[in-house]
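Shown next, in structure tokens, is the structure this report addresses.
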């Protein structure tokens with residue numbers, strides 16, 4: 001029922017991609033609701049309750065809850081927390097914080113997975129820039145998902161962009177992954193590296209692309225809860241993610257409400273106008 005290529009990467013049929021799109025839209029709509037809900041005084045646990053209700057109201061199942069013992073619907077990582085923060089009521093969000101919200105849902109057996117980082121009220125300019133760089137790096141990685149390019153081109157484009165923007169840390173231990181009938185599937189997707197390596201992209205492959213970028217060091221540690229990853233120097237981190245399908249017509253961003261059309265079109269327009277530092281063909 002599920003075709004895999006010689007590298008063990010699951011290949012979806014067009015009908016299966018439509019099912020993944022449906023799951024992705026549940027995640028995309030939930031994250032937009034959470035984005036609107038973030039304000040000073042709300043707690044990460046409040047956001048978790050909002051997310052679980054939104055997902056279940058759409059007939060889907062939160063994919064994080066119970067996964068390897070994880071206790072919540074979303075990961076909520078505040079300020080220096082990089083990923084996998086467990087939402088609690090202990091500390092309400094404060095003006096000037098940033099919060100990364102990672103969300104997954106299962107619909108009809110198929111997974112969607114995406115993440116955003118949201119400012120809480122007015123934030124420092126360096127945090128606004130950190131979020132911009134991280135989100136743009138994600139889109140640069142997504143743009144590499146064209147038939148014939150290589151897996152390592154994703155990390156190459158992400159790292160190339162981040163390095164062009166200043167002195168940021170890219171945690172080496174964490175990255176993206178294949179996605180489909182399971183949330184985490186082969187292959188692992190690095191956020192760094194050299195181009196032109198690994199499997200070539202084929203239509204029907206799906207990946208979760210998720211750069212994490214730190215304002216300081218790339219070094220991290222895991223807290224005693226065995227989940228929450230924090231920066232070693234205590235400086236803030238941002239995280240963005242989308243689930244993306246490879247198609248003959250280019251990347252289809254399954255968790256973006258518009259399928260990624262607007263951002264990918266902007267990247268293409270920049271490339272055609274000769275703009276600097278746009279995704280290249282290094283992997284071809």
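Taken together, the values in this text are just the output of simple stated rules run on the coordinates, not laboratory data. A quick note: this is a predicted structure, and the numbers were derived from the prediction, not measured. Note that we place each Cβ from the backbone using ideal geometry, even for glycine, and neighbour counts take in every protein chain shown.
Just a few scattered comments:
- Going by neighbour counts of Cβ atoms within 10 Å, the residues 9, 154 line up, fewest first, as 9, 154.
- Computed over the chain: relative contact order in percent, which uses C-alpha pairs under 8 Å that are six or more apart: 21
- Residues 179, 116, 101, ranked from the fewest to the most other C-beta atoms within 10 Å, line up as 116, 101, 179.
- Full-extension gain in nm, residue 68 to residue 122, via 0.36 nm per residue minus C-alpha separation: 15.9 nm
- The listed peptides 135-143, 28-36, 160-168, 220-228, ordered by packing as a protection proxy, come out as 135-143, 28-36, 160-168, 220-228 (highest mean of other Cβ atoms within 10 Å first).
- Sorted into 5 angstrom bins from 0, the C-alpha pair distances of the chain split as 1, 6, 13, 18, 19, 18, 14, 7, 3, 1, 0 percent.
- Computed helical MRE - 222 nm, the chain, DSSP H runs ≥ 4 contributing -39500 (n - 2.57), nearest 500: -10000 deg cm²/dmol
- Range of Cα positions in segment 93-179 per principal axis (Å), largest first: 43, 38, 22
- With a Förster radius of 41 Å applied to the C-beta separation of residue 95 and residue 188, the computed FRET efficiency comes to 0.65.
- Between residue 108 and residue 270, residue separation times 0.36 nm minus the direct Cα-Cα distance comes to 54.5 nm.
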